[in-house]
1. Count, please, the residues in the stretch 65-116 that happen to be in a strand (DSSP E or B) and of a type in the set (D, E, K, R).
2. Restrict the check to the stretch 81-104 and report whether at least one residue is open to solvent by 20 Å² or more (accessible area, probe 1.4 Å), in contact (Cβ under 8 Å) with a residue 12 or more places away in the chain and among the hydrophobic types (A, V, I, L, M, F, W, C).
3. Of the conditions (1) modelled with pLDDT of 90 or more; (2) touching a Leu at 6+ places or on another chain (Cβ under 9 Å), GLU185 fails just one. Which one is it?
4. Looking at LEU50, LEU28, LEU37 in this structure, which one is within 21 Å of ALA172 (Cα to Cα), over 17 Å from the mean Cα position of the chain (by Cα) and either modelled with pLDDT of 90 or more or hydrophobic (A, V, I, L, M, F, W, C) (or both)?
5. Output the qualifying pairs, or none if there are none: Cβ atoms under 8 angstrom, residues six or more apart or on different chains, first residue in the stretch 162-191 and more than 22 Å from ALA81 (Cα to Cα), second residue open to solvent by 20 Å² or more (accessible area, probe 1.4 Å) and β-branched (Val, Ile, Thr).
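The values are calculated or read from the model by the stated rules, or taken from the named source; none is laboratory data. Everything numeric in this text was worked out from a predicted model, so none of it was measured. In this analysis, Cβ positions are derived from the backbone assuming ideal geometry, glycine residues included, and neighbour counts consider all displayed protein chains. Areas reflect the complete protein model, heavy atoms only, side chains present, ligands, DNA and RNA absent. Shrake-Rupley method; radii C 1.70, N 1.55, O 1.52, S 1.80 Å.
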Amino acid sequence: MYDATPEHLDLVLDETHKLSRLVDDLRLLTLAEAGQLYLDLQTLDVRQLLLDVRDAFGAQAEEAGIRLVVADGDTLPPLVADPQRLGQVIGNLVTNGLRHTPRGGSVTLGGEVGPAGVEGVRLWVADTGEGIDADDLPRIFDRFWRGDPARSRVEGAGSGLGLAIARGLVEAHGGRVWAESQVGEGTTVSVLLPLAG
């Protein structure tokens, strides 16, 4: 038994918050995978969404010594999407980028009209971090998967659900998500969403 000191109570409260977030994440992922997730579809200004995410993570990036920017680009067509859920997707990608980019590096958010023959918008988050081994790349969107088992013991390592949730939310919008990476050079995660929503 531990004494009910402020230090012990703070530890219990912190662990309770982590467990609550994990349960919420699992619930969200299950609903998305079952096709039962409610989406509040609205016409969405994509560039403004990227700017909002940048602003939300600006202080965290500054504290880590990482440059967080939105790439200049052409005017993007509006999307029909759930702004909160899509913001969560981009936020998860930025969180990973910041976590795996060393001080002095950068994380860039951007968007462009989809590749030729595709009616959609490609959003992307690119970092100059450690990169992902080619053998690991196909599994990074799996639940609880981590390339380095030691990561689960690192402070702030997360639950291993962020990318799985991102994939579920993107697929709920009728889109797809993928990653490209070179070890030691960084990672780019792309989200392709249809214009029709």
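1. Step one: of the stretch 65-116, the residues in a strand (DSSP E or B) are 67-70, 79-81, 106-113.
Pick out the ones that are also of a type in the set (D, E, K, R) and you get 67, 112.
Within the stretch 65-116, residues that are in a strand (DSSP E or B) and of a type in the set (D, E, K, R) number 2.
2. Scanning the stretch 81-104 turns up no residue that is open to solvent by 20 Å² or more (accessible area, probe 1.4 Å), in contact (Cβ under 8 Å) with a residue 12 or more places away in the chain and among the hydrophobic types (A, V, I, L, M, F, W, C).
3. Every condition holds for GLU185 apart from (2).
4. Numbers: LEU50 fails: over 17 Å from the mean Cα position of the chain (by Cα); LEU28 fails: over 17 Å from the mean Cα position of the chain (by Cα).
Answer to the selection: LEU37.
5. Pairs that qualify, where the first residue is more than 22 Å from ALA81 (Cα to Cα) and the partner is open to solvent by 20 Å² or more (accessible area, probe 1.4 Å) and β-branched (Val, Ile, Thr), are GLU180/THR188; SER181/ILE132; SER181/THR188; VAL183/ILE132; GLU185/THR128; GLY186/THR128; THR187/ILE132.
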